[in-house]
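Q: Before I ask anything, let me first share the structure, which is written out below as structure tokens.
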Amino acid sequence: MIIIRVKDFVDEPTFPIQYSQLMKNKRNTIFEEQAEVLANVSHDGEQCIMRLKAPKTAQSAKPGQFVHIRVSDALPLRRPISIMLTDPEKGTIDLLYKKIGEGTYQLGERKKGETLPMLGPIGVPFDLSDTDKRYVLIGGGVGVPPMIFVADQLVHQADVVLFAGSEVPFPFALKPSTFMLPGVTGNTTLTISSLEARGIACRLASNAGLYGCYEGHVPDLARDYLLALSDEEKARCVLLSCGPHPMLHAVAKLGRELGISTQLSLEEYMACAIGGCAGCVVKTMEDGQEKYRRVCVDGPVFDAGILPEFA
């Protein structure tokens, strides 16, 4: 019998984030919790927001990480879902997911008081270490939650502006924004109320004709904003993005065009989600060498510059 170990064909990660710190203690960083459902609210467009009691995950989760959750007793395989918000004091986490398959439909059936086996937090988060930067967040669909988590963490610490796109009604309370943003004109007026209350500038985009939203793709809205900045202001910016692959391609192209550092959070199908099966690998180019990284634990956040697919 031939035994092949994951380490035999997946190198140690070298993503530019402070890996010497993040990877110093790779063990005992993921918790298994019996997460109690505190709320599971349905919204238009098959969207749901779930709040879970998960104290260990809430205490240690960072923006860009996700949980691997068992949706029901009938489906043994867990589902990876990005973390949208945490409340370490209350020990809760919020998840936004869309019902698109059997697993997420069953997750939508879970009721208050039920418990769900969960692993978390998993993955490499966004690098938010340079508080002198302006973080421009671009999220699309179920890629919006990690951007909300980033914004929540950066408030009062660094400049941040968030652009969110959706083809179905946003599952949040919305209101006209009082923040003026360069390059954002016309009827692009609405923002997410909770972000506005915390002093976070935000605008929304949609191709579905949603009132108060930019008519078009969210990377185009972000582009209008960035082009209106001075060269000095653009030099301070970092792009952070999560969403469908076509959107990530557009964000990576925008970053290259304007010479702005870009971090992408990738979405991939996952089996184990803890690095054992290597079923979610993505090709990278690092120091002139082709490597394969696991999206679950070497990502999901990568510097766009090392991803040939987005070059």
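The values are calculated or read from the model by the stated rules, or taken from the named source; none is laboratory data. It should be emphasised that the depicted structure is a prediction, and the values quoted were computed from it without experimental measurement. Cβ coordinates were reconstructed from backbone atoms using ideal geometry, including for glycine residues, and neighbour counts include every protein chain displayed.
Q: Specify which of the listed residues (LEU229, LEU254, LEU258, LEU221) is under 23 Å from LEU154 (Cβ atoms) and either buried (at least 23 other Cβ atoms within 10 Å of the Cβ) or under 15 Å from the mean Cα position of the chain (by Cα) (or both).
A: LEU221
Q: Given the options LYS62, LYS26, name the one that is part of a loop (DSSP other than H, G, I, E, B) and modelled with pLDDT under 90.
A: Within the list LYS62, LYS26, the selection yields LYS26.
Q: Conditions first: (1) assigned by TED's automatic domain parsing to the domain that holds PHE66; (2) of a type in the set (Val, Ile, Thr); (3) at pLDDT below 95. VAL142 passes all but one, so which condition is the exception?
A: Unmet for VAL142, out of (1) assigned by TED's automatic domain parsing to the domain that holds PHE66; (2) of a type in the set (Val, Ile, Thr); (3) at pLDDT below 95: (1).
Q: Determine if the range 285-294 includes at least one residue that is aliphatic (A, V, I, L, M), closer than 24 Å to LEU128 by Cα and touching a residue at least 12 places away in the same chain (Cβ under 8 Å).
A: Yes, there is a match, as at least one residue in the range 285-294 is aliphatic (A, V, I, L, M), closer than 24 Å to LEU128 by Cα and touching a residue at least 12 places away in the same chain (Cβ under 8 Å).
Q: Oh, and also: On the given criteria, is VAL161 in contact with a Phe, Trp or Tyr (Cβ under 8 Å, 6 or more places away or on another chain) and under 22 Å from ALA61 (Cβ atoms)?
A: no
Q: If the requirement is being in contact (Cβ under 8 Å) with a residue 24 or more places away in the chain, at positive phi and buried (at least 17 other Cβ atoms within 10 Å of the Cβ), which of these qualifies: GLY108, GLY103, GLY113, GLY123?
A: None of the other options fit; the residue is GLY123.
Q: Determine which member of the set GLY275, GLY279 is surrounded by 15 or more Cβ atoms within 10 Å (Cβ to Cβ) and more than 21 Å from ASP132 (Cα to Cα).
A: GLY275
Q: Select from the range 42-59 the residues that are among the hydrophobic types (A, V, I, L, M, F, W, C) and in a strand (DSSP E or B) and write down the one among them that is surrounded by the most Cβ atoms within 10 Å (Cβ to Cβ).
A: Filtering the range 42-59 for residues that are among the hydrophobic types (A, V, I, L, M, F, W, C) and in a strand (DSSP E or B), the one surrounded by the most Cβ atoms within 10 Å (Cβ to Cβ) comes out as LEU52.
Q: Given the criteria part of a helix (DSSP H, G or I), surrounded by 21 or more Cβ atoms within 10 Å (Cβ to Cβ) and under 14 Å from the mean Cα position of the chain (by Cα), does PRO145 qualify?
A: yes
Q: Criterion first (crowded, with 23+ Cβ neighbours inside 10 Å and either free of Cβ contacts under 8 Å to residues at least 60 places away in the same chain or assigned by TED's automatic domain parsing to the domain that holds MET118 (or both)) does CYS242 satisfy it? Before you say what the answer is, go through the steps one by one.
A: Details: crowded, with 23+ Cβ neighbours inside 10 Å: yes; either free of Cβ contacts under 8 Å to residues at least 60 places away in the same chain or assigned by TED's automatic domain parsing to the domain that holds MET118 (or both): no.
For CYS242, the condition - crowded, with 23+ Cβ neighbours inside 10 Å and either free of Cβ contacts under 8 Å to residues at least 60 places away in the same chain or assigned by TED's automatic domain parsing to the domain that holds MET118 (or both) - is not met.
Q: May I pose another question? Considering (1) among the β-branched types (Val, Ile, Thr); (2) farther than 17 Å from GLY212 by Cβ; (3) surrounded by fewer than 20 Cβ atoms within 10 Å (Cβ to Cβ); (4) in contact with a helix residue (DSSP H, G or I) (Cβ under 8 Å, 6 or more places away or on another chain), say which one THR178 fails and leave the rest.
A: In the conditions (1) among the β-branched types (Val, Ile, Thr); (2) farther than 17 Å from GLY212 by Cβ; (3) surrounded by fewer than 20 Cβ atoms within 10 Å (Cβ to Cβ); (4) in contact with a helix residue (DSSP H, G or I) (Cβ under 8 Å, 6 or more places away or on another chain), THR178 misses (2) alone.
Yes or no, residue by residue, for (1) more than 30 Å from GLY199 (Cβ to Cβ); (2) of a type in the set (Ser, Thr, Tyr); (3) crowded, with 24+ Cβ neighbours inside 10 Å; (4) over 10 Å from the mean Cα position of the chain (by Cα):
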{"position": "PRO117", "(1), (2), (3), (4)": "yes, no, no, yes"}
{"position": "ASP132", "(1), (2), (3), (4)": "no, no, no, yes"}
{"position": "TYR135", "(1), (2), (3), (4)": "no, yes, yes, yes"}
{"position": "GLY141", "(1), (2), (3), (4)": "no, no, no, yes"}
